[in-house]
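No lab work stands behind these numbers, since they all come straight from the coordinates. Bear in mind the structure is a predicted one, so any value in this text is a computation, not a measurement. With ideal geometry, Cβ positions are generated from the backbone for all residues, glycine too; neighbour counts draw on all protein chains shown.
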Amino acid sequence: MKKLWGGRFGKKTDRRVEDFTASLPFDRRLYRYDIEGSMAHCRMLRKQGFLTAREEKKILSALGSIRRRIESGKFVFDPSDEDIHLAVERALIRRAGAAGEKIHTGRSRNDQVALDIRLFLRDEVEEILRLIGGLQSALLRKAKAEIDTVMPGYTHLQKAQPVLLSHYFLAYREMFDRDEARLRSCLGRINVMPLGSAALAGAGLPLDRKYVAKLLGFPEISQNSMDAVSDRDFVAEFIFDGGLLMTHMSRLCEDLILWTSDEFGFVDLTDAFTTGSSIMPQKKNPDVAELIRGKTGRVYGNLVTILTVLKGLPMTYNRDLQEDKEPLFDTVDTVKSSLAVLTAMIGHLTFRRQKMREAAAGGFSTATDVADYLVRKGVPFRRAHAVTGRIVGECLKKGRGFSDMSLAGFKKFHPAFDRDIFRAITVERSVRARRVPGGTAKQQVLKRIREIESQAKK
């Protein structure tokens, strides 16, 4: 089949070249945006006098028909069309005749594909933001449900200090809040209309770019035609933001994977979000959480791909940029599916509260509270730290905990100890003591929950 661009060519394209250069197998998912952009371009061409009213009507009708046929699965894609842009244009010409041949007036595939990607990504970011909102709501519900659940907080995967499980969930919510903010900021840089930049120098015809932008809902147009067709920094930025979002999901999943093990035993996962073993009948595996953790690396790879594609490109458009779509599409699909399944899974977590409370009391997790107790008695912190360390060392030698010590035992290490030390070293008291803003004390957690709910109402 003769190429739409084949006027200066005397030989047929080698089939191997056609197969190697074709992007239609993956960029066909842009069809809706390609047609939407062509419709806006058509209306602008009519406004500027390049189309008659009759031609405009024929083109718009044909484009609508093409879109419906693609959506219904009746449209037959021809591999020789290379990409979705040529596939739609060739179908348009078949249906609209000479009028369809005018659709590419003042337009290049270079600015056309830049437009399609921005339209696509604009919609997908909005959907991802909606899914993040769902995950944030799930975390908030869990925080409220587990407002009194005490758990061990860890540093270096060693028991550190008691915290509230609700505080833990709100920590992840803060991370996802920042992910949301980054994506909203990225959306502002995506939402720029490039059409009219043509191949690289800008269109040589009097096109009304702002009119097209208005039709397509863009708040602004690109200000440099070379930049508009040659850079995909907004794609890289999105994938980076998606990678950080996956990082936070992966960290949460890592905790859940550990907590479902017998060694921790903090949480039960419903059967609906686990799988079994083909050989070990007793197994109940947290595969969903493991896959989210694994797919995070996949998104990192996509970021490396796009950065590598961009790093050595001369101005302006180069065919290398065709390689932006698969990592972009894969990132979008991976992030969306991970958000959806993680949100659902969080709603099916059952925590073993007593087991978590018992774990929180172990590992001398209230040692800092012993030091703080001495500080309140006037002992310098460094001295209090050293005293507490010696107490821990003594307990370890004798196989005891703080609760096994007598008052006389404490006084052996420092005369400032009194009977109130036993109240100071309970896990509940330890949690209540963290009343600073942002701390794990119940009053601070509830305050933060109220703030979040208040912000959501605005």
Over the range 6-105, what is the relative contact order in percent, taking alpha-carbon pairs closer than 8 angstrom and at least six residues apart? 37 percent
On a 30 Å Cα-Cα criterion, which of the cross-link pairs Lys284/Lys397; Lys58/Lys214; Lys284/Lys398; Lys58/Lys210; Lys283/Lys355 come out too long? Lys284/Lys397; Lys284/Lys398
Computed ³J(HN,Hα) along the range 198-203: with the Karplus parameters 6.51/-1.76/1.60, θ = phi - 60°, integer Hz and x for glycine or proline, the list is 6, 5, 6, 9, x, 5
Mean ellipticity per residue at 222 nm, deg cm²/dmol - from DSSP H runs of n ≥ 4 across the chain, formula -39500 (n - 2.57): -20000 deg cm²/dmol
For a paramagnetic label modelled at 7 Å from the Cα of Arg54 toward its Cβ, which residues of the range 98-123 fall within the zone defined by backbone nitrogen distances under 16 Å? 98-102
Placing unit charges on C-beta atoms (Lys and Arg positive, Asp and Glu negative, everything else neutral), compute the dipole magnitude of the chain about its Cα centre in debye, rounded to 20. 1060 debye
List the relative contact order of the range 359-449 as a percent without decimals, with contacts defined as Cα pairs under 8 Å and 6+ residues apart. 26 percent
Can you give the Rg to Rh ratio of the range 88-148, both from alpha-carbon atoms, with Rh computed by the Kirkwood formula? 1.45
Just tell me the longest site-free run in the chain, where the sites are chymotrypsin sites (Phe, Trp or Tyr not before Pro) in a DSSP loop having at most 13 other beta-carbon atoms within 10 Å. 10-458
Within-15-Å neighbourhood charge of Lys159 [Cβ basis; K, R +1; D, E -1]: -2
Could you check the spin-label model distance between Gln223 and Arg251? Points 7 Å from the Cα along Cα→Cβ, value in nm. 3.6 nm
If R₀ is 60 angstrom, what is the calculated FRET efficiency for the pair Arg184 and Lys398, using the beta carbon separation as r and rounding to 0.05? 0.60
Have a look at Phe410, Ala433, Phe364 and report the one farthest towards the positive end of the charge dipole of the range 359-449, computed about the Cα centre with Cβ charges (Lys/Arg +1, Asp/Glu -1). Ala433
Between Tyr154 and Asp177, the FRET efficiency computed from the C-beta separation at R0 = 25 Å comes out, to the nearest 0.05, as 0.65
Solvent-free Debye scattering, log10 I(q)/I(0), computed from the Cα coordinates of the range 6-105 at q = 0.13, 0.22 Å⁻¹: -0.49, -1.12
Output ³J(HN,Hα) for the range 384-396: one whole-Hz value per residue in order, computed from phi by the Karplus curve 6.51 cos²θ - 1.76 cosθ + 1.60 with θ = phi - 60°, and x for Gly and Pro. 4, 4, 5, 4, 4, x, 5, 4, 4, x, 5, 4, 5
Violating pairs (Cα-Cα greater than 18 angstrom) within the set Lys336/Lys457; Lys12/Lys325; Lys47/Lys102; Lys159/Lys442: Lys336/Lys457; Lys12/Lys325; Lys159/Lys442
To the nearest 20 Debye, how big is the dipole of the range 359-449 about its Cα centre, given +1 on the beta carbon of each Lys and Arg and -1 on that of each Asp and Glu? 200 debye
With 0.36 nm assigned to each residue of separation and the Cα-Cα distance removed, Arg419 to Glu323 gains 27.5 nm
Using only the Cα atoms of the range 228-308, what are the Rg and Dmax in Å? 17.1, 57
Let me check I've understood the local charge: for Val436, count other residues with C-beta under 13 angstrom from its C-beta, Lys and Arg +1, Asp and Glu -1. What total comes out? +4
Take the alpha-carbon positions of the range 243-361, form their convex hull, and give its projected area averaged over all directions (one quarter of the hull surface) in nm². 10.0 nm²
For a Förster distance of 60 Å, can you work out the FRET efficiency between the beta-carbons of Arg390 and Asp233, rounded to the nearest 0.05? 0.60
Contact order normalised by residue count of the chain, Cα under 8 Å, 6+ apart, percent: 16 percent
Amide proton proximity set for Ile221, modelled H, under 5 Å, gap of 5+: Met193
Strictly greater than 20 Å: what percent of every Cα pair in the range 342-458 meets that? 55 percent
